[in-house]
Amino acid sequence: AARGGYANLAVSVREGNFDVLDYGASPSYTAVINTPAIQAAINDASAAGGGKVLLHTGTYLTSTLIVPSKVILVGAGISATFLKLANGTNAALIQTTGFAGLTGGNTTGGPYSWALRDLTIDGNKANNAGGGFGIQVYGYGYELSNIRIHDCKNDGIYSEWSTAGGAIAPFDMQASITNVHSFNNDRDGVAWHGPHDSVFVNSFAYRNAGRGFAALTT
């Protein structure tokens, strides 16, 4: 085992799965901040060329998690796995690699082939008065599936990518958003600045202080 004597970690890694419990995460909604454990699992998945980061039933208190290309965060279900923004983070809960340097640059770069599935994101706006997003993306070719996002001080989802024409092969569909609900946020439910050529299925934005869905790209 590579970390902490966990006997099953090597087996999980061979199978392309990176279980956050093997890294010391605690899904019990206590004062434990799970950022180092979850981020370590994400980083190891990325270093392996990609893989699934497994999040079990429970509530994981965390500050910002950085998601790179080819990494998939998978929960146990939309009503089973919760990521909650830690008090005073005042930033995004999920953010793609290089976001701050890429946003506004209109580049065709950014993370791709990553995904979030089967979990809820709680922006904990009551304890993040300085700001906070559910998901901040600069990238393309990604998937959000069976996701709930709520109570963010800013947008539930902020997504941006290049306005360059056409798709980057092999990603004919730049993003796939399926069964995503974004609600009770203090700005927009979804602020969409790209990627273009994306598809939304059975997704809703409601009870947001700003716009429900703001399509701000061509």
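The values are calculated or read from the model by the stated rules, or taken from the named source; none is laboratory data. Source: prediction; values computed, not measured. Virtual Cβ from ideal backbone geometry, glycine too; neighbours counted across all protein chains shown. Just so you know, the surface numbers come from the protein's heavy atoms only, side chains and all, with ligands and any DNA or RNA stripped out. Shrake-Rupley method; radii C 1.70, N 1.55, O 1.52, S 1.80 Å.
The set of residues in region 107-129 being in contact with a Gly (Cβ under 9 Å, 6 or more places away or on another chain), open to solvent by 10 Å² or more (accessible area, probe 1.4 Å) and farther than 19 Å from R187 by Cβ consists of G109, G110, Y112, S113, R117, D118.
Residue by residue, here is whether (1) surrounded by fewer than 14 Cβ atoms within 10 Å (Cβ to Cβ); (2) touching a Phe, Trp or Tyr at 6+ places or on another chain (Cβ under 7 Å); (3) modelled with pLDDT of 95 or more; (4) part of a loop (DSSP other than H, G, I, E, B) holds:
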| position | (1), (2), (3), (4) |
| --- | --- |
| A1 | yes, no, no, yes |
| A7 | yes, no, no, yes |
| P36 | yes, no, yes, no |
| A41 | no, yes, yes, no |
| L61 | no, yes, yes, no |
| S69 | no, yes, yes, yes |
| S79 | yes, no, yes, yes |
| A92 | no, yes, yes, yes |
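Filtering region 45-55 to residues that are farther than 15 Å from L93 by Cβ and touching a Gly at 6+ places or on another chain (Cβ under 8 Å) leaves A45, A48, G50, G51, K52.
For region 162-174, a tally of residues being crowded, with 17+ Cβ neighbours inside 10 Å and either of a type in the set (S, T, Y) or at pLDDT 95 or above (or both) returns 1. Only one entry in Q136, Q174 is within 27 Å of K52 (Cα to Cα), in contact (Cβ under 8 Å) with a residue 12 or more places away in the chain and over 15 Å from the mean Cα position of the chain (by Cα), namely Q174.
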